[in-house]
Structures are given as C-alpha cells and as structure tokens.
Amino acid sequence: MKKFFAGALLAVSLLAGGAATAATTTTAITFNNSISANIGNTLTSSGTFTDNYTFTYSSAFDVSSAIISISSGSGSGLDISSFTLTNTTTGQVYTGTSSTASLLQTYTITAGNLSSGNYVLTVSGSSSGLGGSYGGNINVAAVPEASTTAMMLAGLVVVGLMAARRRRGMRKTADFAAPGLAGFAAG
C-alpha cells in the first residue's frame with residue numbers, strides 16, 4: 001500500500017512539474033496601416049507554449065499569415081505543433097499547413113471572404129534545451145461588399161454602352177459626309 005501511495009505521489013508531482021512549464025500568453029494585435037501585424041515569441045527554457053493573438057475585424061476580409069522557426073540542431077530549439085485561426089464569434093477554425101525542411105519549420109494560413117467578428121490566431125508547440133523563437137506576420141484585406149461590386153459592374157456597362165453609341169454616331173456622320181466629298185473631288 002505504501003508503494004501505491006508513493007507511486008501516486010510521484011505521478012502527481014511529475015504532472016504538476018510538467019504543468020508548471022506550460023505557458024499561455026494572449027496578445028492583442030494592432031495592425032500597421034490597417035493591413036498587417038508582426039507576431040512572434042522567444043522562449044528561453046524547455047516546456048510547452050500556447051500564444052494567442054486576438055483581433056476584431058468589422059467587415060468581410062481575406063487573411064494570410066505565416067510563421068517560421070529555425071532550430072539550432074544542438075538539442076535546443078522550438079517545435080511548432082499547430083497554427084490556427086479561429087472565429088470566436090462563430091467557432092469556425094482555419095488550420096495552418098506545415099512545411100519542414102532541415103532545421104526550418106514554416107506554417108501558413110490563407111482564407112478568403114471571412115465574416116466580421118472576433119478572431120484568435122493561435123501558435124502552439126514546445127521548446128527544448130535553452131528554448132527557441134518563431135516570428136511571422138498576419139495580413140488582412142477588406143473584401144468589397146456585393147453592392148459595391150454590382151455598382152462598379154453597372155458603371156462599366158454604362159460606359160461601354162456610351163462608347164458603342166458614340167462609335168455608331170461617328171459611323172453615320174462619316175457615311176453622310178462621304179458622298180459629298182466624293183462629288184467635291186470629282187467637280
């Protein structure tokens with residue numbers, strides 16, 4: 001029975017020690033020129049991490065984001081396990097795609113015509129040895145509303161009709177003037 005309690009105590013202490021190394025941060029994103037923001041973190045010890053970058057967008061938009069981590073290959077480094085964008089208003093999740101080459105790890109997210117609302121960009125992973133870092137960027141671009149696009153197309157149609165009418169009017173004038181010029185040249 002003593003061995004059971006000793007084992008249980010050891011297991012609880014290991015779990016508590018593992019939980020102590022987990023770090024979660026939340027940072028509000030401020031977009032530069034209303035279109036981009038830098039993201040990143042440097043971890044100086046071993047453990048797991050979850051970094052949340054929050055923002056609100058008030059109209060439909062497109063988004064692209066990428067992060068990169070370079071490992072030193074000496075037992076220290078950073079391993080990113082997931083990169084997601086979540087619309088906290090609707091619960092829709094967009095998952096980043098991973099690409100790894102040698103000591104370079106890259107994640108990207110691209111999504112179009114997202115609805116307005118509150119969003120969180122989440123980077124999760126673990127660091128080993130002396131830690132490591134990652135850095136990246138998020139870009140947003142407003143999507144024109146359907147009514148704006150319809151008005152633009154209607155304007156292009158009107159301009160096209162006016163140009164066609166003008167060309168037809170020029171042809172009639174040229175046809176009318178041509179016989180008189182022919183008689184003038186003959187006389």
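Any read-out appearing in this document is the output of simple, stated calculations on the displayed coordinates, not a laboratory observation. Computed from a predicted structure; not experimentally measured. We place every Cβ from the backbone using ideal geometry, glycine too, and count neighbours over all the protein chains shown.
Note on Thr50 and Thr95: their simple-model spin labels are 1.7 nm apart, each label 7 Å out from Cα toward Cβ. The Rg/Rh ratio for the range 65-144, using Cα coordinates for both the radius of gyration and the Kirkwood hydrodynamic radius, is 1.05.
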